[in-house]
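What follows is a set of notes on a single structure, which appears directly below.
The values are calculated or read from the model by the stated rules, or taken from the named source; none is laboratory data. The model shown is predicted, which means the values in this text are computed figures rather than measured ones. Counting neighbours? That spans all protein chains shown, and the Cβs are built from the backbone with ideal geometry, glycine included. Areas reflect the complete protein model, heavy atoms only, side chains present, ligands, DNA and RNA absent. Shrake-Rupley method; radii C 1.70, N 1.55, O 1.52, S 1.80 Å.
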Amino acid sequence: NIEPTLNNKKQALFPKDCIILENNNGTAPGAIFSKDNKYIILLPGPPKEMIPMFNESVKPYLMKLTNTTLISKTLRLIGIGESSLEEKILDIIENQTNPTIAPYAKDGEVTLRITAKANDEKEAKILIEDMKNKIQERVGEYIYGYDDTSLEEVVAKLLVEKNLTIAISESCTGGMVSSNLINYPGISSVFMEGCVTYSNEAKMNRLEVKKETLDRYGAVSEETAIEMAKGIAKNFNTDIGLSTTGLAGPGGGTDEKPVGLVYVGIYIKGKMIVKKFNFTGSRQNIRLRTTKNLLNELRLELIK
């Protein structure tokens, strides 16, 4: 029973001859105008409205206007930079015709989008599969998923399928690792606990990290990462314990321990793995890259 405002009413005004596109995620409809084999398509600006409208209404409309089809598949990689990836597949990129390959770097990972043009979807998928196999032969160890699959989804699914319980102790990431994993529906069957043990006191009281360890090696150290991962697994009786500790900045770094120095720990059924990273970038970027790299190290352990 709210009276529409003038700008709401304006959203309902379109020329008589256009095709109006329904907006299932907002109030602004879209529209398609056509005249003399020329087309204008209007879409709302917010991605959460624009993308579904394109997929639901615009794409089927455009498909009717062409005898060919374009199909894309995205390969998602982590643990390799864009430059290193390009070097490994440079000859494939330089000789590309159809399908085409487009590399993108984003948020600590790299994607390769393969796009094929063909007479029908089946033919395009065959072209894509051939190209995907060529790339996989070169860099398959870095590929963790395809299309919209996220790294946390892959890891969480493995944990659930293998029925491995997990607890996580985080310092520099401040809960980001836990937050990523709980995006996956059903993770509650294996996810037992997530702790943000930011202070030394919390590390000692919550995780049983020894005071001598902190005094001798410091909070940002391989030794502390080990005790954090073991402590969280022991205290919550889980198969796996994860830990993060590092300097996210922008201040607090030294020559010995610069900003971006991070240690991550994985305790998995008695086996202990520690990885050291030196990241650059903003505080948020360092936390994000720490999260992704820890999840990837866990993924690599789970698929062995």
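Here are some notes:
- Members of the stretch 5-60 that are assigned to a helix (DSSP H, G or I) and in contact with a Pro (Cβ under 6 Å, 6 or more places away or on another chain): MET50
- Residue check for THR244: among the β-branched types (Val, Ile, Thr), assigned to a loop (DSSP other than H, G, I, E, B) and surrounded by 22 or more Cβ atoms within 10 Å (Cβ to Cβ): no
- Only residues that are open to solvent by less than 90 Å² (accessible area, probe 1.4 Å) and assigned to a helix (DSSP H, G or I) were counted in the stretch 211-221, giving 3.
- Selection status of LYS162, open to solvent by 40 Å² or more (accessible area, probe 1.4 Å) and modelled with pLDDT of 95 or more: yes
- Residue count for the stretch 1-28 satisfying the condition of being within 36 Å of the chain's Cα centre (by Cα), modelled with pLDDT of 95 or more and open to solvent by less than 80 Å² (accessible area, probe 1.4 Å): 3.
- Enumerated strands (runs of 3 or more DSSP E) restricted to the stretch 87-151, each holding at least 1 residues that are surrounded by 12 or more Cβ atoms within 10 Å (Cβ to Cβ), at pLDDT 95 or above and polar (S, T, N, Q): 100-106, 109-118
- Within the stretch 264-280, the set of residues being within 23 Å of GLY249 (Cα to Cα) and either open to solvent by 80 Å² or more (accessible area, probe 1.4 Å) or assigned to a strand (DSSP E or B) (or both) comprises VAL264, GLY265, VAL274, LYS275, LYS276, PHE277, ASN278, THR280.
- Filter result (over 20 Å from GLU223 (Cβ atoms) and either among the charged types (D, E, K, R) or in a helix (DSSP H, G or I) (or both)) within the stretch 178-210: SER178, SER179, ASN180, LEU181, ILE187, SER188, SER189, GLU193
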